[in-house]
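Following: one structure in structure tokens, then a few remarks.
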Amino acid sequence: MEIQGEYLIAGPRERVWDALNDVDILRECIPGCESLERVSDSELQAVVMAAIGPVKARFNTKITLENLRPPESYTMVGESKGGAAGFGRGTATVTLTESVDSTELHYSADFRVGGKLAQVGSRLVLGATRKIADDFFGSFSRKLDAGAVRVEVHGGAGRQPAPASRTWLAIGAALLVLLIWWFLLR
């Protein structure tokens with residue numbers, strides 16, 4: 001399942017990059033995060049409580065940061081185990097593009113689940129995962145810039161901020177996805 005999103009954050013790219021690598025900020029922004037610790041310069045361990053449909057579990061997650069190109073991009077590779085609830089594996093690429101007075105954060109993630117999570121149904125899992133990812137990136141973006149907005153691409157109309165009601169729905173879905181990604185796929 002592939003998930004993508006973009007956020008426009010006021011401020012320099014270096015500041016956003018530093019925050020993406022700050023364990024304390026990440027811990028605050030990841031929904032259900034019970035713990036997050038840096039094991040090495042490129043490895044994190046996390047425990048996250050997540051619910052997808054009727055499946056609720058605590059996931060032990062290992063996240064490895066690869067393809068590091070400070071302050072432009074990195075790839076997170078994760079593996080998460082939730083006991084009887086199942087497991088998740090995946091990757092997420094985060095890219096930062098700087099403009100005159102802001103930074104555009106783009107993420108693209110792909111993941112797979114197994115066990116009870118796979119039995120819940122792909123639509124429910126995909127929707128929940130999108131919510132987690134958008135919730136995380138929305139929370140992260142607003143932590144750095146209270147006025148940060150999710151950006152949508154419209155045919156020939158170019159990039160535009162998402163309508164407020166749709167933004168909250170998308171943010172919820174993306175955070176769920178990102179939470180699962182960061183804690184299941186790292």
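Ranking Y107, S40, S80 by how far each Cα lies toward the positive end of the dipole of the range 33-156 (charges on Cβ) leaves S80 at the top.
Specify the inter-centroid distance of the range 7-28 and the range 133-150, based on alpha-carbon positions, in whole Å. Answer, in whole Å: 10. The simple Förster model, with R0 at 35 Å and r as the Cβ-Cβ distance, assigns L124 and S99 a FRET efficiency of 0.40.
Among the listed pairs K56/K131; K81/K143; K56/K143, which are separated by more than 20 Å between their Cα atoms? Correct reply: K81/K143; K56/K143. 3J(HN,Hα) along the range 6-17: 9, 10, 9, 10, 5, x, x, 4, 4, 5, 5, 4 Hz, from the Karplus curve 6.51 cos²θ - 1.76 cosθ + 1.60 with θ = phi - 60°, whole Hz, x for Gly and Pro.
Karplus-derived 3J(HN,Hα) values for the range 63-78, using 6.51 cos²θ - 1.76 cosθ + 1.60 with θ = phi - 60°, are 10, 10, 9, 10, 6, 5, 9, x, x, 8, 6, 7, 10, 9, 10, x Hz; glycine and proline are entered as x.
Every read-out reported here was derived from the displayed coordinates using simple, explicitly stated rules and does not represent laboratory data. Being a predicted model, the structure only gives us computed values, none of them experimental. Cβ sites come from the backbone with ideal geometry, for glycine too, and all protein chains shown count toward neighbours.
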